[in-house]
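Please treat every number below as a calculation from the coordinates, not as lab data. Just so it is clear, the structure is predicted and the values come from calculations on it, not from any experiment. A quick note on method: Cβ atoms are made from the backbone with ideal geometry, for glycine too, and the neighbour counts reach across all protein chains shown.
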C-alpha cells in the first residue's frame, strides 16, 4: 500500500523549543516538499528536495531546517527562530520527471503554546 | 510576483446542479494550471492539469478551461453531489519546483 505518511497528526510545543515533523514516502519518488498552510492563504513552500543529500529553500525557509539522508524520508525541524510556527504543515512528493502531480501526506497541525 | 486568486467566499449549490469555480492569475500565463481537492484537516489531492494550449479538459464529471486572454481558469463539476463538498485549490508553477497555490474556494453541495 503505497503512500506518503506524516507524523504526528497533532503536535504541541512550548515557545523556545525545536520540534521535528516526520515525512516518509514509499512511492519511490525523487522529489519531496514541505508546505505550510495558514487559514485563508494558499500553501507556501518551505523547502524542497529533488535528490538525496540536496535541498533548496522555498519562499518561507527562515526558521526551518530539513535533511534528506534517505530517498524515503524528508524530516522538517521547526526551530525556535520561527516567529509564528503555529500552522498546518503538509509534506508532498512527486516523480522527478513528472513534478506537476504532487502527492500529499495527511498533514501535521503544530500548535505553539 | 505571480499570484493566484480564487473566490474566497464559499460557494453553496443544490445537489444536481453544476458548480463553477474561478481561478485568476497575474502576470504571464503559466505553461499549465492544476486543480486539487482538499478536505478539512487533510492533504490536497490532485484532480486535473490543463496546459496553456488546451482550451478545455475533462475527467468524468469534472471540466477545466484555460483562457489566456482573460488570465483565468474555470473548474466545473456537473451533476454535483454532497460528496463533492470540499475546498478546491488552483495551482500554477512559476519556475523549477516553485508552485504557487491559490487560497482555495470552499464548495458546499446541499442535498
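Using Cα springs under 10 Å in a Gaussian network model of chain B, which residue among B:93, B:58, B:42 shows the largest mean-square fluctuation? The residue with the greatest mean-square fluctuation here is B:42. Centroid-to-centroid, using Cα positions, the stretch A:1-68 and the stretch B:34-111 are 23 Å apart. Modelled spin labels at residue A:38 and residue B:18, positioned 7 Å past Cα toward Cβ, are 3.8 nm from each other.
Remark: mean inter-chain Cβ contacts per residue of B:30-42 equal 2, using a 10 Å Cβ-Cβ cutoff to other protein chain atoms. Gain on full extension, evaluated as 0.36 nm per residue between residue B:27 and residue B:51 minus their Cα-Cα distance, stands at 7.0 nm.
Within 10 Å of the Cβ of each residue in B:100-106, the mean number of Cβ atoms contributed by other protein chains is 4.
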